[in-house]
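Notes for the one structure printed next.
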Amino acid sequence: MRVAAYGTVDEANATIGLARLHTLGNADQMLSRIQNDLFDLGADLCRPNDVTKSDKTLRIVTAQVTRLEVEIDAM
């Protein structure tokens, strides 16, 4: 399932990259943030959930999810 998730995240990121070729201003900025979050998600997926608390692994945080939901609603 994890490997399938990598592919899905990469496909979404590539599609957003194509969309950004046709956007300007606020829409492009929003898509850029989403792409950055998808890179963070890819990093998060690469590490198992059982890492120690001292580990500095990049993780998706609630604020990123909330911002994405707000941006989806705005679209």
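Side notes on the structure shown:
- Tally of residues being within 18 Å of Ala74 (Cβ to Cβ) and touching a helix residue (DSSP H, G or I) at 6+ places or on another chain (Cβ under 7 Å) across the range 13-31: 7
- Residues within the range 15-26 that are more than 22 Å from Ile60 (Cβ to Cβ) and open to solvent by less than 40 Å² (accessible area, probe 1.4 Å), tallied: 1
- Breaking point among (1) part of a loop (DSSP other than H, G, I, E, B); (2) more than 16 Å from the chain's Cα centre (by Cα); (3) of a type outside the set (Lys, Arg), for Asp73: (1)
- Flag set for Thr57, criterion: surrounded by 10 or more Cβ atoms within 10 Å (Cβ to Cβ), modelled with pLDDT under 90 and in a loop (DSSP other than H, G, I, E, B).
- Some residue of the range 40-52 being modelled with pLDDT under 95, among the aliphatic types (A, V, I, L, M) and open to solvent by 50 Å² or more (accessible area, probe 1.4 Å): yes
- Checked against the criterion of being acidic (Asp, Glu), in a helix (DSSP H, G or I) and closer than 20 Å to Ala63 by Cα, the candidates Asp37, Asp10 yield just one match: Asp37.
The values are calculated or read from the model by the stated rules, or taken from the named source; none is laboratory data. In this text the structure is predicted, and so the values were computed from the model without any measurement. Using ideal geometry, Cβ is built from the backbone for each residue, glycine included, and neighbour counts are taken over all protein chains shown. Accessible surface is based on the protein model in full, side chains and every heavy atom, while ligands, DNA and RNA are left aside. Shrake-Rupley method; radii C 1.70, N 1.55, O 1.52, S 1.80 Å.
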